[in-house]
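The values are calculated or read from the model by the stated rules, or taken from the named source; none is laboratory data. Please read all numbers here as calculations on a predicted model, not as lab measurements. We place every Cβ from the backbone using ideal geometry, glycine too, and count neighbours over all the protein chains shown. In case anyone asks, the SASA skips ligands and DNA or RNA and just uses the protein heavy atoms, side chains included. Shrake-Rupley method; radii C 1.70, N 1.55, O 1.52, S 1.80 Å.
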Amino acid sequence: MPRAPVRIFPSPNAIGEHVAGRLLSRIERARVAGARFVLGCPTGRTPRPVYGELGRQLAERPQNISHLILVMMDEYLVTAGGSGFEYASAAESWSCHHFARVEIVDRLNAGLASAQCLPEESVWFPDPRDSAAYDARIADAGGIDFFILASGASDGHVAFNPPGSARESRTRIIQLSEETRRDNLTTFPAFGTLAAVPSHGISVGIDTIASAKESVMIVSGSGKRLTLTRMRSADRYEPDWPATVIHECAAAEILADTDAAEPLDAR
């Protein structure tokens, strides 16, 4: 598998415009072919410009996205009555269910006629009661056509996959590392304190991500310089830095803004 190339953009918004244009073209191509389009989606700061630009372009040039399926990467878990886990409340502003509804679905559907909209039931999350069923459901849908990826700044985690995650790992419940929880506290200040960040989550695995037909890893901001450097120095998956999974994807690119890429520009 060849190393994923790096493309540098002037800003996160420029990355968002580029990715949104690619996605809408592929989504329309699938509709014309009578197929679904399965899109893997993260939450957080990094993909926000992509979702915002998708909404803007759809409002400007409406197209039917009713055949789109969103495969969400992960969700925070809380204990369920003292035994087992359940989703964190979708009412919490930091929950992935809340993010998917407000930051993705509402933005994409805002400018569309009802018949063109992404249906609520087309937003998928892994079920903590049966983690393995998620990978089977994705496979039954024909696999993930395009995966938007983002990396943790401090330890290179992708979704909730911490350093040490096996290449063959699939959807599972994960105890979140302190580094991941600190990154998420920065992403969602509404947590208030590190103690308020849940200790567990359910997440797609490294193999789930690597199996996508096409992927982009978005890296923006000066805080992501280390992860960009680590990805650029690798040519295959390195378990101590999960973001290197991008090199395992069949058709992949790393899209960085100038702030993240400054060490590259200096060489």
* **Å² of accessible area per residue within region 73-125, as computed with a 1.4 Å probe and no ligands counted** => 47 Å²
* Per residue, what accessible area does region 136-193 have, given a 1.4 Å probe and all protein chains present, in Å²? -> 41 Å²
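For residue 45 and residue 121, what does the FRET efficiency come to when R0 = 30 Å and r is the distance between their Cβ atoms, rounded to the nearest 0.05?
0.65
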* Asked: One-quarter of the Cα convex hull surface for region 53-137, in nm²?
  -> 6.3 nm²
* Asked: Hey, how many Å between the Cα centroid of region 5-82 and the Cα centroid of region 202-267?
  -> 18 Å
* Treat every Asp and Glu Cβ in the chain as -1 and every Lys and Arg Cβ as +1, leave all other atoms uncharged, and give the resulting dipole magnitude about the Cα centre to the nearest 20 debye. => 500 debye
* Structure fact -> Taking r as the C-beta separation of residue 11 and residue 80 and R0 as 41 Å, the FRET efficiency to the nearest 0.05 is 0.45
* Kindly rank 19-25, 225-231 from highest to lowest mean number of other beta carbons found within 10 Å of each residue. => 225-231, 19-25
* Given (i) -0.22, -0.37, -0.57; (ii) -0.37, -0.58, -0.81; (iii) -0.27, -0.44, -0.65, the label whose value is log10 I(q)/I(0) by the Debye sum over Cα atoms at q = 0.07, 0.09, 0.11 Å⁻¹ derived from this model -> (i)
* Spin-label model distance (nm) - residue 64 vs residue 140, 7 Å beyond Cα toward Cβ -> 2.4 nm
* Assign one of three labels to region 89-211, namely rounded, prolate or oblate, based on the Cα gyration tensor with a ≥ b ≥ c the square roots of its eigenvalues; rounded applies when a/c is under 1.5, prolate when it is not and a/b is larger than b/c, and oblate otherwise. => oblate
* Asked: FRET efficiency for residue 235 and residue 213, Cβ-Cβ distance as r, R0 = 25 Å, nearest 0.05?
  -> 0.75
* Asked: Can you give the charge dipole size of region 186-267 about its Cα centre, rounded to the nearest 20 debye, using +1 on the beta carbon of Lys and Arg and -1 on the beta carbon of Asp and Glu?
  -> 120 debye
* Packing-wise, with mean Cβ within 10 Å as the measure, how do 182-191, 100-109 rank, highest first? -> 100-109, 182-191
* **Inter-label distance, nm, simple model (7 Å from Cα along the C-beta direction), residue 262/residue 194** => 2.5 nm
